[in-house]
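Before any comments, here is the structure.
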Amino acid sequence: MELLVDLHTHTIASGHAYSTVTENALAASRRGIKLLGMTDHGPKMPGAPHLFHFDNLSILPDELYGVKILPGVEANITNYEGDLDMPMRYLEQLKLILAGLHPICYPGGTCEQNTQAYLKAMLNPYIDIMVHPGRPDFEMDLEKIAHASALLNVPVEVNNSSLATISGKDRARNNCNSIARYMSKYKSPVILGSDAHFWDRVGEFSEALELVRETGISEQQILNTSPERVLDYLVERRKRRTEFNPISLKYRLSIA
Ligand SMILES: [Zn+2]
Ligand SMILES: [Zn+2]
């Protein structure tokens with residue numbers, strides 16, 4: 001399987017990542033990546049960029065070393081309502097919005113509260129991709145998430161860093177394994193993300209790929225195989241924004 005897209009990477013602007021846009025793009029190019037998401041953390045993460053950082057992303061070139069760059073954000077879900085730490089104006093202008101739960105930025109809750117926060121974010125059409133559901137910090141109903149991903153056609157990430165980093169590795173592996181099996185069962189759309197915090201991890205998916213093989217996720221479910229497929233999805237996702245209505249969103253969730 002040829003993987004040509006990495007939508008989840010961090011630069012020094014995140015405060016706890018250690019490479020520049022240029023270094024990440026060069027590393028991506030060497031790995032054969034054609035489409036690169038530049039998704040530094042949302043402002044609630046300690047050390048993350050302030051909002052003006054996101055205002056100025058338009059100065060970046062569309063392409064570096066033959067790699068198309070998608071400037072975006074990995075927004076923080078901040079509460080049980082699935083709200084984000086990025087004002088609407090930024091959600092409207094950025095080319096790629098990832099969202100996930102992070103310690104410090106989210107209070108933590110019961111399995112039900114965490115699942116609700118994640119599902120409500122998934123119903124928000126301004127969010128393109130839901131990230132690292134397998135991180136061990138917050139317990140969630142992973143089957144519900146995989147099922148919702150398939151019903152709503154919102155890709156959920158298999159995060160290479162959750163599988164590769166040492167802390168909490170066993171629990172992360174168990175969680176990632178569970179959700180990957182559910183995503184295989186429901187045929188949910190899948191994105192593999194490196195979540196690179198240093199250039200040498202950009203486009204690195206070996207642990208995620210191993211999990212894909214173990215759990216029977218099909219190649220067809222994985223969007224990373226084609227930049228065109230990802231870009232088409234993003235266009236289609238943006239069309240859904242016109243239908244966004246928070247009241248119907250709550251209604252849809254209550255009957256989900
Ligand atoms: Zn980070
Ligand atoms: Zn994250």
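Each row is one residue, and each column tells you yes or no for (1) outside any helix (DSSP H, G or I); (2) β-branched (Val, Ile, Thr); (3) within 16 Å of ligand 2 (Cβ to nearest atom).
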site	(1), (2), (3)
170	no, no, no
173	no, no, no
178	no, no, no
181	no, no, no
188	yes, no, no
191	yes, yes, yes
200	no, no, no
203	yes, no, no
211	no, no, no
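Would you confirm whether or not region 20-30 contains a residue that is of a type in the set (Asp, Glu), more than 16 Å from ligand 2 (Cβ to nearest atom) and under 20 Å from residue 231 (Cβ atoms)? Spell out the reasoning first.
Let us first name the residues in region 20-30 that are of a type in the set (Asp, Glu), namely 23.
When the remaining residues are screened for being more than 16 Å from ligand 2 (Cβ to nearest atom), the result is 23.
Remaining after also requiring under 20 Å from residue 231 (Cβ atoms): none.
No: zero hits.
Tell me the residue from 231, 163, 151, 192 that is surrounded by 18 or more Cβ atoms within 10 Å (Cβ to Cβ) and more than 18 Å from residue 137 (Cβ to Cβ), please. Write out each step before concluding.
Values: 231 fails: surrounded by 18 or more Cβ atoms within 10 Å (Cβ to Cβ); 163 fails: more than 18 Å from residue 137 (Cβ to Cβ); 151 fails: surrounded by 18 or more Cβ atoms within 10 Å (Cβ to Cβ).
Going through 231, 163, 151, 192 in turn, just one is surrounded by 18 or more Cβ atoms within 10 Å (Cβ to Cβ) and more than 18 Å from residue 137 (Cβ to Cβ): 192.
Just checking, how many residues over region 105-126 are modelled with pLDDT under 95 and at positive phi?
Count: 0.
Scanning region 12-46 for residues that are among the β-branched types (Val, Ile, Thr) and buried (at least 21 other Cβ atoms within 10 Å of the Cβ), which turns out farthest from ligand 1 (Cβ to nearest atom)?
Pass one, region 12-46, residues among the β-branched types (Val, Ile, Thr): 12, 20-22, 33, 39.
From what's left, buried (at least 21 other Cβ atoms within 10 Å of the Cβ): 33, 39.
Values: 33: 19, 39: 10 Å.
Only one residue fits best here, namely 33.
So which residues in region 47-67 are crowded, with 20+ Cβ neighbours inside 10 Å and assigned to a strand (DSSP E or B), if there are any at all?
Answer for region 47-67, where residues must be crowded, with 20+ Cβ neighbours inside 10 Å and assigned to a strand (DSSP E or B): just 67.
Determine which single condition residue 95 fails, assuming it passes every other condition in (1) out of contact with any helix residue (DSSP H, G or I) (no Cβ under 7 Å at 6 or more places or on another chain); (2) within 14 Å of ligand 2 (Cβ to nearest atom).
Among (1) out of contact with any helix residue (DSSP H, G or I) (no Cβ under 7 Å at 6 or more places or on another chain); (2) within 14 Å of ligand 2 (Cβ to nearest atom), the lone unmet condition for residue 95 is (2).
What number of residues in region 125-153 are outside any helix (DSSP H, G or I) and touching a helix residue (DSSP H, G or I) at 6+ places or on another chain (Cβ under 7 Å)? It would help to see each step written out before you state the result.
Step one: filter region 125-153 for residues outside any helix (DSSP H, G or I), giving 125-141, 153.
Applying the additional criterion that residues be touching a helix residue (DSSP H, G or I) at 6+ places or on another chain (Cβ under 7 Å) yields 125-128, 130, 132-136, 138-141.
Residues in region 125-153 being outside any helix (DSSP H, G or I) and touching a helix residue (DSSP H, G or I) at 6+ places or on another chain (Cβ under 7 Å): 14 in total.
Taking residue 26, is it closer than 22 Å to residue 155 by Cβ, in contact (Cβ under 8 Å) with a residue 12 or more places away in the chain and either assigned to a loop (DSSP other than H, G, I, E, B) or not hydroxyl-bearing (Ser, Thr, Tyr) (or both)? Write out each step before concluding.
Numbers: closer than 22 Å to residue 155 by Cβ: no; in contact (Cβ under 8 Å) with a residue 12 or more places away in the chain: yes; either assigned to a loop (DSSP other than H, G, I, E, B) or not hydroxyl-bearing (Ser, Thr, Tyr) (or both): yes.
No: the conditions fail for residue 26.
Which residues, taken from region 10-63, are over 22 Å from residue 105 (Cβ atoms), charged (D, E, K, R) and touching a helix residue (DSSP H, G or I) at 6+ places or on another chain (Cβ under 6 Å)?
Pass one, region 10-63, residues over 22 Å from residue 105 (Cβ atoms): 19-36, 56, 58-63.
Then keep just the ones that are charged (D, E, K, R); that gives 23, 30-31, 34, 62-63.
Within region 10-63, 23, 34 qualify.
For residue 99, all conditions in the list (1) in contact with a Gly (Cβ under 6 Å, 6 or more places away or on another chain); (2) assigned to a strand (DSSP E or B) hold save one; what is the number of the exception?
Looking at each condition in turn, residue 99 falls short on (1).
Give the residue that is surrounded by the most Cβ atoms within 10 Å (Cβ to Cβ), with candidates limited to residues of region 70-87 that are among the charged types (D, E, K, R) and within 14 Å of ligand 2 (Cβ to nearest atom).
Once the filter is applied, the top-ranked residue is 74.
Which residues, taken from region 26-35, are touching a Leu at 6+ places or on another chain (Cβ under 8 Å), under 13 Å from residue 4 (Cα atoms) and not hydroxyl-bearing (Ser, Thr, Tyr)?
Kept after step one, since they are touching a Leu at 6+ places or on another chain (Cβ under 8 Å), are these residues of region 26-35: 26, 28-29, 32-35.
Retained after the next criterion (residues that are under 13 Å from residue 4 (Cα atoms)): 28-29, 32-35.
Scanning region 26-35 gives 28, 32, 33, 34, 35.
The values are calculated or read from the model by the stated rules, or taken from the named source; none is laboratory data. Just so you know, these numbers come straight off a predicted model, no measurement behind them. Reconstructed Cβ throughout: ideal geometry from the backbone, glycine too, with neighbour counts over all protein chains shown.
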